[in-house]
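The values are calculated or read from the model by the stated rules, or taken from the named source; none is laboratory data. As the structure is a prediction and not an experimental result, all values here were calculated from the model. Backbone-built Cβ (ideal geometry, glycine too); neighbour counts: all protein chains shown.
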Amino acid sequence: MTLRQRTASLARVLLGLYLLGNVTYRLSLWVCLDLLHVPPLHALLGASVLTAVLDLVVVHLLFGRGLVVRLAGCRPDRRPVQLGVLMAIGLVASMVLGAMFGGVQWTPQDTRHVQWVYLIGCSFHAAVSEELLCRFLVLDRLGQIVGRAPAFVLQILLFVYLHLFGPPLDLRAASHLALGAVMIGSFYLWSRSLLGAIALHLAYNVLVSLTFGASLDGLALSPMMVGDDFSLRHSHQASAVFMSCLSIWMLWNIRRPRRLPTYIL
């Protein structure tokens, strides 16, 4: 890649980071509140879905076929979407199993239809926008300019930074997010599929919200499992082991040289 190509690619990456990080959500809120006059509670949901769509449009305008190729993935034989969902199920299952070492209480889940809509809409926004920002723009496109290792570290930092605008983060939550970025980043590099990373992220957000509860723009979602600090600590440790082992395996398989087939003449 020549210096001119690097400069042009870097300019597109920086423009994409600015638009996705500062413009699309504000524009979506303006459309829902001021242009369409949607009620404030429903405007947040509408803005979330519209932001995800706008983010996809913006990145496609900037990178064109590059986004389409990464969405489809270079290794369809690995079934990245199905595998991403299975990884999310395994991660949440490890958190549940770890929590059961402490004192937990199970509560009946009574999720109403409007809560399901908010859960899917907000999770879709988070999965699409954060994967475009962290995995596609930083890990993939910026990685082609500055190198794979620095970009991998930057996507972890950006992923944690994006969650600073939500509920307050303690050290345990920040480390969980960092390990999550390592796992999703490793999965993206291994599968070369942005759609698989989005599926992993979306499935995890939905499952963890249903299991441990969440607040979706002021709409509370009651948890199925309530535990003490001891169970939460074990839940965090179990998820850390799960994410670390998967990440190491995927990164090792990426670096392992591919064996060429031998032919007997």
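On the given criteria, is Ser48 under 19 Å from Leu221 (Cβ atoms), touching a Phe, Trp or Tyr at 6+ places or on another chain (Cβ under 8 Å) and either in contact (Cβ under 8 Å) with a residue 24 or more places away in the chain or exposed (fewer than 13 other Cβ atoms within 10 Å of the Cβ) (or both)? Taking the combined requirement at face value, the residue satisfies it. Taken together, the criteria place Leu86 among residues that are modelled with pLDDT of 90 or more and over 25 Å from Arg141 (Cα atoms). One residue stands out in region 164-206 among those that are touching a Ser or Thr at 6+ places or on another chain (Cβ under 9 Å) and aromatic (Phe, Trp, Tyr): the one that is nearest to Leu133 (Cα to Cα), namely Phe187. The criterion of at least 2 residues that are buried (at least 21 other Cβ atoms within 10 Å of the Cβ) and among the β-branched types (Val, Ile, Thr) is met, among helices (runs of 4 or more DSSP H) falling completely within region 89-208, by 171-191.
Can you pull out every residue in region 227-242 that is part of a helix (DSSP H, G or I), touching a helix residue (DSSP H, G or I) at 6+ places or on another chain (Cβ under 8 Å) and not hydrophobic (A, V, I, L, M, F, W, C)? Passing the criteria: Ser231, Arg233, His234, Ser235, His236, Gln237, Ser239.
For region 83-94, state whether one or more residues are without any contact (Cβ under 8 Å) to a residue 12 or more places away in the chain and among the polar types (S, T, N, Q). Looking through region 83-94, none of the residues is without any contact (Cβ under 8 Å) to a residue 12 or more places away in the chain and among the polar types (S, T, N, Q).
Please determine whether any residue of region 24-36 is among the hydroxyl-bearing types (Ser, Thr, Tyr) and surrounded by fewer than 17 Cβ atoms within 10 Å (Cβ to Cβ). No, because not a single residue in region 24-36 is among the hydroxyl-bearing types (Ser, Thr, Tyr) and surrounded by fewer than 17 Cβ atoms within 10 Å (Cβ to Cβ). Contact map, region 26-45: first residue in contact (Cβ under 8 Å) with a residue 60 or more places away in the chain, second residue outside any helix (DSSP H, G or I), Cβ cut-off under 6 Å, separation 6 or more or different chains; pairs are Leu44/Asp217.
Restricting attention to region 61-71, the residues being within 19 Å of the chain's Cα centre (by Cα) and surrounded by fewer than 15 Cβ atoms within 10 Å (Cβ to Cβ) number 2.
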